[in-house]
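Input: a single structure, listed below in structure tokens.
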Amino acid sequence: MPATGALASHESLAATRSVRGRKIADMAATVVLWVMASSIIVMLAAFIGYMIYLGGSAISIPFLFGTPKETTAGGGIGPEIYNSFYILFLTLAFTVPIALAAGVYLQEYARPGLFRSIVQFSAESLATIPSIVMGLFGLLVFVYLFKWKFTALGGALTLTLLNLPALMRVTQEALASVPDTLREASMGLGGTKWQTISRVVLPSAIGRLTTGVVLVAGRIFGETAALIFTAGLSVPFNNPYDLDPMRPAETLAVHLWYTHSESIVPDVDRIGNGSALVLLVMVLVFNLVARLLGRRLTRHFTGRDA
Amino acid sequence: MIALEARRSRRAEQFALGVLRLAAASVILAMAALLGYLAYEGTKTFYVDKFPLAQFLFSPTFSVDQNHPGAAVFIVGTLAVTTFAIVIGGPFGIAVGVFLSEIAPARMNQILKPAIEVMVGIPSVVYGWLGLTLLVPLIRTHTSSPSGFGLAAAGVVLAIMILPTVITLSEDAFRSLPPALKEGSLALGATRWQTIVRVLLPSASSGLAVALILGIARAVGETLAIQMVIGNATQFPSGLFSPTAALTTEIVTDMPGATEGSQLEHALFSMALLLLVIAMVLIVCVRFALRKRA
């Protein structure tokens, strides 16, 4: 009948129109999402470019290796760079073994139960605690209770608490990525559980572990809030490159904050720009090293590409 | 000989397990010590200085000279910057998360993922320095704000800083959905965008809630980046460009001048305790959201 035919064609016209509408909406949304995601890359590139523009002229040999000045212009950041690496090294020396052990326990041994849930809840809580709160805890324990004053060791131990959960998660995820067939093969050959873990599982996971550790190391390198009240705002005057862990150790990130907010040197901008650029470059270096080292180790120990 | 070997390896086995268990237990110990010690130190405002808890939470007057350490200004400051950050950074982060999971070709993923990792690695002070040298002058010249420091500067810096958290976790939330959901919707003739909005977003809601909550946790605890741009004025924010202060920034600003055992120091530890309580509440929220999903 003609009437229904007209109706049908009318309906199909409406349907076509709405299909077109939906397709346009879909395309528009896709474009918007592409723009949003690209804007992150553009923003990051702009940040890096801007920091190079600001800090490039500040970078020089006397700046990178010189000692900071209290009241006059021309101070360097040598001891601060040294302290950043020193505290990073101390922190990793404490954090890596504990996190590795705890991560292996949780992933390979622990059965679901009260102990495991409490460990996991503690780790999650520890991971959420703001670093300034951790810094105040470090102040209470290492400065007030132990009477150490501001020390590199106190700072490193505070950072250990702060980064333990992240490294535990790194360990757990690395272990989880090792296929169970490897474990079964090792056990099937008569290996004990510990032999399996130490000789088969950990070597297979080493690439991912390394990537994770180096990425966390990058974060430790730039940590500030937890260090202000534990490692302090100064470097030893007569021996800035002291190896003694029981002395104040202002790191580069702390120095950037301190110069801006407390110090009275006239060239605050130059020191700030230069320090910020050095910190940014270090982040990029840590990221690059994490990737390359992780890939190489995975290939070396497993013969596979990560 | 073989028996001896076996016994030795059994002993090594037990020793290894003991050490591993000890390491795991140390995490509990650390958390318990932190909780106990900060609870003890942070409540001294109330039982040593006899300042009532209600006044601490709701009084806008923060004056140690007048024996009146009310923290309402800082609590409101923290709420304001966090809200600002999550209102901008939350939807943006979820959008990029859905892009990474549903739309981005492999090559885009390979560029965006490392970029996000670099963003995570940039130290807080460098974000603060960028805010100080880039954002604050921009706000100063383009708005009526005389200094440029204030809520908006801090909020924008925070919004950028929480992006990696929100993006990564919301991408995970979308990726963990069963593929049948998406396939079913597409097979019924829905476009990709309709599938995302009507099927994937609602199904991933608890995972997205986790992404937002952890973004909030990051924003609440962030200290130096916003301390450098918020203006550090003990006053309620009267507008977007008004200088104010947050709990974390107040601790950093006043702690260096606080002597051990003073009322000021007690008040700052009370604020740290409050931050700790907020973090724990957020963690419980995360657990709740995850349980709902399971």
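The values are calculated or read from the model by the stated rules, or taken from the named source; none is laboratory data. Just so it is clear, the model here is predicted, and its values are computed rather than measured. In this analysis, Cβ positions are derived from the backbone assuming ideal geometry, glycine residues included, and neighbour counts consider all displayed protein chains.
When we screen B:GLU13, B:GLU41 for residues that are within 22 Å of A:ILE129 (Cβ to Cβ), within 11 Å of another protein chain (Cβ to nearest Cβ) and among the charged types (D, E, K, R), the only hit is B:GLU41.
Within segment A:87-100, none of the residues are without any contact (Cβ under 8 Å) to a residue 60 or more places away in the chain, hydroxyl-bearing (Ser, Thr, Tyr) and either more than 18 Å from A:VAL214 (Cα to Cα) or within 14 Å of chain B (Cβ to nearest Cβ) (or both). Residue count for segment B:242-286 under the criterion of being at the interface with another protein chain (Cβ under 8 Å from one of its Cβ atoms), among the β-branched types (Val, Ile, Thr) and under 13 Å from the mean Cα position of the chain (by Cα): the result is 3. Within segment B:1-60, being of a type in the set (Asp, Glu), at pLDDT below 90 and under 29 Å from A:PHE121 (Cα atoms) holds for one residue alone: B:GLU13. The residue of segment B:45-94 that is surrounded by the fewest Cβ atoms within 10 Å (Cβ to Cβ), among those that are touching a Phe, Trp or Tyr at 6+ places or on another chain (Cβ under 7 Å) and in a helix (DSSP H, G or I), is B:LEU53. Scanning segment B:1-44 for residues that are in contact with a Leu (Cβ under 7 Å, 6 or more places away or on another chain) and loosely packed, with under 15 Cβ neighbours inside 10 Å yields one hit, B:ALA39.
Checking A:LEU140, A:LEU182 one by one, the residue that is farther than 23 Å from B:CYS285 by Cβ, in contact with a Phe, Trp or Tyr (Cβ under 8 Å, 6 or more places away or on another chain), of a type in the set (A, V, I, L, M) and in the same structural domain as A:ARG219 (by TED's automatic domain parsing) is A:LEU140 and no other. Inspection of segment B:89-103 finds no residue satisfying the criterion of being away from every other protein chain (no Cβ under 14 Å) and of a type outside the set (A, V, I, L, M). I want to confirm something. Restricting to segment A:276-289 and keeping residues that are surrounded by 20 or more Cβ atoms within 10 Å (Cβ to Cβ) and facing another protein chain (nearest Cβ under 8 Å), which single residue is farthest from the chain's Cα centre (by Cα)? Once the filter is applied, the top-ranked residue is A:ALA276. Listed here are the helices (runs of 4 or more DSSP H) enclosed by segment A:125-231 that have at least 2 residues being over 30 Å from B:LEU274 (Cβ atoms) and more than 9 Å from every other protein chain (Cβ to nearest Cβ): A:152-176, A:180-188, A:202-222. Listed conditions (1) within 10 Å of another protein chain (Cβ to nearest Cβ); (2) under 20 Å from the mean Cα position of the chain (by Cα); (3) charged (D, E, K, R); (4) under 21 Å from B:ALA225 (Cα atoms) are all met by A:GLU262, apart from (2). For A:GLY56, are the conditions met, namely being on the phi < 0 side of the Ramachandran plot and touching a Phe, Trp or Tyr at 6+ places or on another chain (Cβ under 8 Å)? No; evaluated as a whole, the condition is false for this residue. Suppose the filter is on the phi < 0 side of the Ramachandran plot and either buried (at least 20 other Cβ atoms within 10 Å of the Cβ) or without any contact (Cβ under 8 Å) to a residue 40 or more places away in the chain (or both); does B:ALA233 pass it? In short, yes.
Selection of helices (runs of 4 or more DSSP H) fully inside segment B:132-213 by the criterion of at least 2 residues being under 30 Å from B:VAL281 (Cα atoms) returns B:151-175. Checking the structure you have, find out if any residue of segment B:71-87 is within 11 Å of another protein chain (Cβ to nearest Cβ) and under 16 Å from the mean Cα position of the chain (by Cα). Yes, that holds for at least one residue. Contact map, segment A:45-70: residues that are within 14 Å of chain B (Cβ to nearest Cβ) paired with residues that are surrounded by 15 or more Cβ atoms within 10 Å (Cβ to Cβ) and among the basic types (Lys, Arg), Cβ distance under 7 Å, separation 6+ or inter-chain. Pairs shown: A:ALA58/A:ARG270.
Could you look through segment A:64-123, keep only residues that are part of a loop (DSSP other than H, G, I, E, B) and buried (at least 18 other Cβ atoms within 10 Å of the Cβ), and pick out the one that is modelled with the highest pLDDT?
The initial filter retains those residues of segment A:64-123 that are part of a loop (DSSP other than H, G, I, E, B), namely A:66-77, A:110-113.
Subset that is buried (at least 18 other Cβ atoms within 10 Å of the Cβ): A:68, A:75-77, A:110.
Working: A:PRO68: 87, A:GLY75: 85, A:GLY76: 86, A:ILE77: 91, A:ALA110: 88.
So, considering only residues that are part of a loop (DSSP other than H, G, I, E, B) and buried (at least 18 other Cβ atoms within 10 Å of the Cβ), the one modelled with the highest pLDDT is A:ILE77.
On inspection, B:ILE226 does not qualify as buried (at least 20 other Cβ atoms within 10 Å of the Cβ), touching a Phe, Trp or Tyr at 6+ places or on another chain (Cβ under 7 Å), under 21 Å from B:ALA72 (Cα atoms) and of a type in the set (A, V, I, L, M, F, W, C).
Considering each residue of segment A:161-176 in turn, none proves to be surrounded by fewer than 23 Cβ atoms within 10 Å (Cβ to Cβ) and of a type in the set (Ser, Thr, Tyr).
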